[in-house]
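The values are calculated or read from the model by the stated rules, or taken from the named source; none is laboratory data. Predicted, not measured: the structure shown is a model, and the values here were computed from it. Glycine also receives a Cβ, built like all others from the backbone with ideal geometry; neighbour counts cover every protein chain displayed.
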Amino acid sequence: MLLNRDIMNDNFKPANNVVRFIADQTKQRRNKSNLRSRLFRDKVTAKLMMVLTFGFLLSAILIGFGLYMRSRPLLEGRSVFELIMSTGWKPLKHQFGFLPFIMGSLWVTALSVTIALPLCLMTAIYLSEYAPKKIKRIIMPMVDLLSGIPSVIYGVWGVLIVVPFVEKIIAPLFGVYTTGYGVLAAGIVLSIMIFPLLLNVIGEVFNTVPEDQKNASISLGATKWQTIKFVLMRKSLPGIIAAIVLAISRALGETIAVLMVCGNIPIIPRSVLDSAYPLSALIANNYGEMFSIPLYESALLFAAMILFVMIFLFNALSRLILIRVERRII
């Protein structure tokens, strides 16, 4: 019996080897097929992401081109320099000077960032380096809540609280009469609006600084403030600049809240107590209502193109500055 079993096993060995060989070949083919499928999916995904990336870039170019094409009637017979540097705004007489609106946008944006940036830096330093975790858990949701409030509510708050405060308290301190509607009121309201954006970005930048570097500074005898000044702030400088760029871009494009408190008078502001008329407020106030006046629609779209170019140039310039700062730090 044992001899018969050995003979049977010897007879089945070639068959078993054939089955194993076929199974191995089938498995290799499946693996090759799966590999080709994965490589194909990877290529398709990469191409799709490339198309989407260039699609976003193309959309920005199309926006600028569309604004230019709709602004061409205004540009016929007028130079861009003449329109930008003129101060007279009399649409009925075909006088379209955009300098007061450009200066109004710059005044309001600069003042809002000037107010918000120091507050955000001090708050971010406190939350990052000094505040207990319980305080962070309370403050950060409240800050996020500020970012979710509609801009029209900020505008109403500015009309009811900030404008009377400027008119009755701030202006008399300088011996100036004002209605309260102006650059200062708009800057205060806008600074509160960009505060959550600045604080969140700067706070995240501070959290990326390695603890080992801060501990090494303290171990060498530096105080807590010296560590913050020479380690935390220095390492975070590129991120802080990026946060400022985002805040300025947000401030330049803000419309409803600024429109409600800036005064909307087309003059070049001489002080923060003067009225202003930013480009975004001009477009929101008049688009769709004054098209019976020749060239008015073209003028408003030219204002939108100016705002578009301002934000684009500012972001490009800020990017160059950021690259130089990163090189110096490295």
Mind listing just one residue for me: the one in region 144-186 that is under 18 Å from the mean Cα position of the chain (by Cα) and of a type outside the set (A, V, I, L, M, F, W, C) and, of those, surrounded by the most Cβ atoms within 10 Å (Cβ to Cβ)? Ser151
Need the failing condition index for Glu211 against (1) touching a residue at least 12 places away in the same chain (Cβ under 8 Å); (2) at negative phi, just the number. (1)
Does Leu199 fit the bill of being touching a helix residue (DSSP H, G or I) at 6+ places or on another chain (Cβ under 7 Å), aliphatic (A, V, I, L, M) and closer than 27 Å to Met310 by Cβ? yes
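Is there a residue being among the aliphatic types (A, V, I, L, M), in contact with a helix residue (DSSP H, G or I) (Cβ under 6 Å, 6 or more places away or on another chain) and surrounded by 12 or more Cβ atoms within 10 Å (Cβ to Cβ) anywhere in region 73-81? Reasoning before the result, please.
At the first step, the residues of region 73-81 found to be among the aliphatic types (A, V, I, L, M) are 74-75, 80.
When the remaining residues are screened for being in contact with a helix residue (DSSP H, G or I) (Cβ under 6 Å, 6 or more places away or on another chain), the result is 74.
From the residues that got through so far, the ones that are surrounded by 12 or more Cβ atoms within 10 Å (Cβ to Cβ) too are 74.
Yes, region 73-81 has at least one match.
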So is Val205 surrounded by 18 or more Cβ atoms within 10 Å (Cβ to Cβ), in the same structural domain as Ser249 (by TED's automatic domain parsing) and either of a type outside the set (Asp, Glu) or more than 23 Å from Ser280 (Cα to Cα) (or both) or not? yes
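Let's see how each residue does on (1) in contact with a Leu (Cβ under 9 Å, 6 or more places away or on another chain); (2) in the same structural domain as Phe312 (by TED's automatic domain parsing); (3) modelled with pLDDT under 85; (4) of a type outside the set (A, V, I, L, M, F, W, C):
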site: Leu58; (1), (2), (3), (4): no, no, no, no
site: Ile61; (1), (2), (3), (4): no, no, no, no
site: Ser71; (1), (2), (3), (4): yes, no, no, yes
site: Ile84; (1), (2), (3), (4): yes, yes, no, no
site: Thr87; (1), (2), (3), (4): yes, yes, no, yes
site: Lys90; (1), (2), (3), (4): no, yes, no, yes
site: Phe96; (1), (2), (3), (4): yes, yes, no, no
site: Pro100; (1), (2), (3), (4): no, yes, no, yes
